[in-house]
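Down below is the structure, laid out as structure tokens.
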Amino acid sequence: KAISYGFVEAAHYWWKGLTETFKNNGYSQSNKDKCVYIKRDGDKVAYCGVTVDDCFFVTSRHDKWKNQQINMLKDKYEEITVEDGDELGLIGIQIKMDRENKQVVLTQRKNIERIINAFQTTKGAPTPAMVNLMSDDDESPKIHDQREFL
């Protein structure tokens, strides 16, 4: 069913079609966040976080596997933009893969500066983020998959 961009129903049908695309290609939705899709094949894993019409993939370090995931979306949606690397930006968040220390660093420098200026503060606070964010599915060992793609 074709729905024009801008109609109230468009977002619903976009989401429904995207979910169907992932599921038809072997992905399952995360138990804790329906915007995260996970695919495993032997020693390979792919995570995809979706926000509106942006997809953020984190995959095992297998070029063929990574390209298969990208081509899955290209086959379905034709015109997609792909950024690849250890440092990327997504909706105001800077993402850096720190492979040496086996961690992913997320920052929002512009937002942080805006908040500091608005509240005229210099004090910091610890992050409320979970340490084992990638181990949210019941079948996942503690941080095995998180370390695997780093």
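For the range 40-114, would you read off the P(r) tail past 14 Å as a percentage of all alpha carbon pairs?
68 percent
In whole percent, how big is the carbon plus sulfur part of the accessible area of the range 27-113, probe 1.4 Å, protein atoms only?
Ligands and nucleic acids excluded, carbon and sulfur reach 44 percent.
Could you list, in their original order, any pairs among Lys32/Lys66; Lys23/Lys76; Lys39/Lys66; Lys32/Lys76; Lys39/Lys96; Lys23/Lys44 whose Cα atoms are separated by more than 20 Å?
Lys32/Lys66; Lys32/Lys76; Lys39/Lys96
Which loop-located GluC sites (Glu not before Pro) does the range 24-89 contain, where loop means any DSSP state but H, G, I, E or B and the Cβ has at most 11 other Cβ atoms within 10 Å?
Passing both the DSSP loop test and the Cβ count: Glu78, Glu79, Glu83.
The values are calculated or read from the model by the stated rules, or taken from the named source; none is laboratory data. If you're wondering where the values come from, they're calculated on a predicted model, not measured in any experiment. Cβ: placed from backbone, ideal geometry, glycine included. Neighbour counts: every protein chain shown. When the accessible area is computed, the model is the full protein with side chains, heavy atoms only, and any ligands, DNA or RNA have been set aside. Shrake-Rupley method; radii C 1.70, N 1.55, O 1.52, S 1.80 Å.
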